[in-house]
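A quick write-up on the structure given underneath.
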Amino acid sequence: MTTTAFAFILGAYLIGSLSFAVIVTRLMGMADPRTYGSKNPGATNVLRSGKKLAAVLTLLGDGVKGWLAVFLVASFGPAYGLGEQQVAMAGLAVLFGHMWPVFFGFKGGKGVATAVGVLLAFSPWLALAALATWLFMAFVVKISSLSAIVACVMVPVYAYFIVGPQSVYFGTCIIIAILVVHRHKSNLVNLLTGTEDKIGKADEQGKS
């Protein structure tokens, strides 16, 4: 790996390490999301506070950083001899940063919004397919974590047809799916035991 490639990928990791759940709640004078609910610094847990605006800003921030990190490498990398492989590595780096942020003790979120941002930079159709799957599952089962897990599992399938099995992005999508599902292991346990919260319930608890 060249020095330039390393710099771009390190930059992507550092962008990913900006935990918007923590940043937004601090700016809004709210409790640290790592101290309540699932203790996960993500939009779903921020919603448990009852502050929908904070949750939306967290969701947008985490999504945009995923897109931005990949976009920067895709846009400026070619001038330094960087190609799709480095773009894909930047996508993984920003996701790693979100999940294990250097600025917040390597304790980050589960990566759903950031992963969607990365997919958007890879291919808008990939992101659209993932979002459509999440929305459909959320409407049917009304469980955010299960919707995210199903959407992530389906992403490599969509990537197979959208970018093709020979594309470096196809392999990257498989890794992204594995990482995000792995970060949902506690949710999987809750789902198996029937204790996972449904969408809306967390918000009601935050207001009580």
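The values are calculated or read from the model by the stated rules, or taken from the named source; none is laboratory data. All values derive from a computational prediction rather than experimental measurement. Here Cβ is always computed from backbone atoms with ideal geometry, including for glycine, and neighbour counts include all displayed protein chains.
Computed quantities for the displayed model
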{"item": "Some residue of the range 94-103 being outside any helix (DSSP H, G or I) and either in contact with a Phe, Trp or Tyr (Cβ under 6 Å, 6 or more places away or on another chain) or under 19 Å from residue 149 (Cβ atoms) (or both)", "result": "yes"}
{"item": "Subset of the range 115-144 (residues that are within 26 Å of residue 196 (Cα to Cα) and among the hydroxyl-bearing types (Ser, Thr, Tyr))", "result": "133, 144"}
{"item": "Single match in 148, 132 (criterion: at pLDDT 95 or above and either small (Gly, Ala, Ser) or touching a strand residue (DSSP E or B) at 6+ places or on another chain (Cβ under 7 Å) (or both))", "result": "132"}
